[in-house]
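Pasting a structure below so you can have a look.
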Amino acid sequence: MTRKPLIAGNWKMNKTIGEAISYVKELREFVEDIHNREIVVCPPFTALSAVGAEIKTSNIALGAQDVYWEKKGSFTSAVSAEMLKEIGVKYVIIGHSERRQFFDETNETVNKKVKAALENGLTPIVCIGESEEEREDEETENVIEEQLKNGLMDLTKEQFLRLVIAYEPVWAIGTGKNATPEEAEEAHIFIRKLIAEMFDEETASSIRILYGGSVKPDIIKELMAKENIDGALVGGASLDARQFSDIIKF
Ligand code: 13P
């Protein structure tokens, strides 16, 4: 099963519209000849529309950092999947650990968001991963299993095949301390095993699993050399167009 590498940049709460536009103008040029990867940028909501217009005719796709599950109504501040789709969003990050940590995201809300995204034809990038304490307590596999099985509950095989999973150990996010390629590969193998249990081997081997957590240009090649690592979700290093393009080109 060939899985096309996917490199996504999660900008988090960074960049004004002006900064975002200068960035994507640069990035477009750096990566215009790259066709063997899927490239995604996930700007904050305010810059989505402008970035979307700027990359419309490029090989870069647009992603959002969150979505709300309701279709419309009195949900102050929330943004629906239909609204994202309308402005050209193709991917949406769901269940990022920062959302879990600071905004009360749970596996239950992740599940609702994933379903809403899929119903609107968006590709969810679902984030899972253990904290430092959970790893020290040897709870990593339990946490991953719970996040995967509860966050992705009640999906059909056809729906499941349309999503992307990002393994992001919380202790590696923004710390400069990435998981070693071996640690990441071990977690990815475990995730694939769980998917095979939930569905079958074919589904397990079709799903792309990204690694996220302090990914930098100097480590990406080693990570991507692992059989079960299909791409990266990049935070800090995606904020600079040159660094991000070096990661894309690994
Ligand atoms: P860093 O690359 O800054 O560690 O962030 C990773 C991340 O959270 C991507 O979603």
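Within segment 217-242, work out how many residues are within 13 Å of the ligand (Cβ to nearest atom), farther than 20 Å from residue 62 by Cβ and open to solvent by less than 10 Å² (accessible area, probe 1.4 Å).
Number of matching residues: 2.
Tally the residues that are under 20 Å from residue 191 (Cα atoms) and not acidic (Asp, Glu), restricting the search to segment 221-250. Step through it out loud before you land on a result.
As a first pass, look at segment 221-250 and keep what is under 20 Å from residue 191 (Cα atoms): 222-234.
Among the residues that remain, those that are also not acidic (Asp, Glu) are: 223-226, 228-229, 231-234.
Selection size over segment 221-250: 10.
Enumerate the helices (runs of 4 or more DSSP H) found wholly within segment 150-250, keeping only those where 1 or more residues are within 30 Å of residue 26 (Cα to Cα). Step through it out loud before you land on a result.
Details: elements: 157-160, 181-198, 201-206, 217-224, 241-249.
Hits in segment 150-250: 181-198, 217-224, 241-249.
Filter segment 82-112 for residues that are open to solvent by less than 100 Å² (accessible area, probe 1.4 Å) and within 16 Å of the ligand (Cβ to nearest atom) and give the result. Talk me through it step by step, then tell me what you get.
Here is the first cut: in segment 82-112, the residues open to solvent by less than 100 Å² (accessible area, probe 1.4 Å) are 83-84, 87-89, 91-100, 105-107, 109-112.
Within segment 82-112, 91, 92, 93, 94, 95, 96, 97, 98, 99, 100, 105, 110 meet the criteria.
What pairs come out if I take residues in segment 43-71 that are without any contact (Cβ under 8 Å) to a residue 24 or more places away in the chain and pair them with residues that are of a type in the set (Phe, Trp, Tyr) whose C-beta lies under 9 Å away, six or more apart or interchain?
From segment 43-71, no pairs qualify.
Only one of 245, 214 is more than 19 Å from residue 4 (Cβ to Cβ), within 16 Å of the ligand (Cβ to nearest atom), among the hydroxyl-bearing types (Ser, Thr, Tyr) and surrounded by 16 or more Cβ atoms within 10 Å (Cβ to Cβ); which? If you could, list the steps in order and put the result at the bottom.
Numbers: 245 fails: more than 19 Å from residue 4 (Cβ to Cβ).
After applying the criteria, what remains is 214.
The values are calculated or read from the model by the stated rules, or taken from the named source; none is laboratory data. Quick caveat: nothing in here was measured; it's all calculated off a predicted structure. Virtual Cβ from ideal backbone geometry, glycine too; neighbours counted across all protein chains shown. These area figures cover heavy atoms from the full protein model, side chains too; ligands, DNA and RNA do not enter into them. Shrake-Rupley method; radii C 1.70, N 1.55, O 1.52, S 1.80 Å.
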